[in-house]
Amino acid sequence: MEEKVLKQLATKDDLKQMEIRLGKEFTTKKEFKELRGEVGELRGEVGELRGEVGELRGEVGELRGEVGELRGEVEELRGEVGELRGEVGELRGEVGELRGEVGELRGEVGELRGEVEELRGEVNAVINDVSELRKDSNESREEFKEFKDRTFTRFDEMIVILRRLDQERIFTIERVKRLETDVERIKRELNII
């Protein structure tokens, strides 16, 4: 567009030569004055058009700069989106692992509860047996005391293990919930972008 406008515009030298030529060709002063006025108007129009061309060139330069900045921002955002997608993938993997671990721990807790129930049954059976043996002799009382101590010690150990496993299960469930919250937050961020 600039080139078209510039081609249509006459240079100052062209206008001067035109003015001289017209002066020779037209005999009357009136026609000469009219043409001279027209030349002046054309010179004014040329000046205005040159000014407009300058403004347009400036605007084109500004727009090119803005386009460059926007392209840079787009590239940055694409990089950030890629990083966030990678982070989401890692978090999903970790959530999957933790869910598997929670499942294993639940199974282990179930087994230990079954074992505790068996041990309670054993303890009750032993207590009954010892009660009968107590009647028979004082030696049996001493053996009963030792056996009972061992059994209750084992029972106490099992309770400690069960409590520890239950705490680990609760901690793991809370960790899974935090990770799921993080995944949801990242999904929302990705949707905003």
Taking the stated definitions as given, is E69 assigned to a helix (DSSP H, G or I) and within 20 Å of the chain's Cα centre (by Cα)? no
Among the residues in segment 128-148, are any over 30 Å from E180 (Cα atoms), part of a helix (DSSP H, G or I), at pLDDT 80 or above and not basic (K, R)? yes
For residues that are in contact (Cβ under 8 Å) with a residue 24 or more places away in the chain and basic (K, R), scanning just segment 157-193, find the one that is surrounded by the fewest Cβ atoms within 10 Å (Cβ to Cβ). K187
Go over the candidates R36, R43, R78, R50 one by one and state the one that is modelled with pLDDT of 90 or more and surrounded by 10 or more Cβ atoms within 10 Å (Cβ to Cβ). R78
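The values are calculated or read from the model by the stated rules, or taken from the named source; none is laboratory data. In this text the structure is predicted, and so the values were computed from the model without any measurement. Here Cβ is always computed from backbone atoms with ideal geometry, including for glycine, and neighbour counts include all displayed protein chains.
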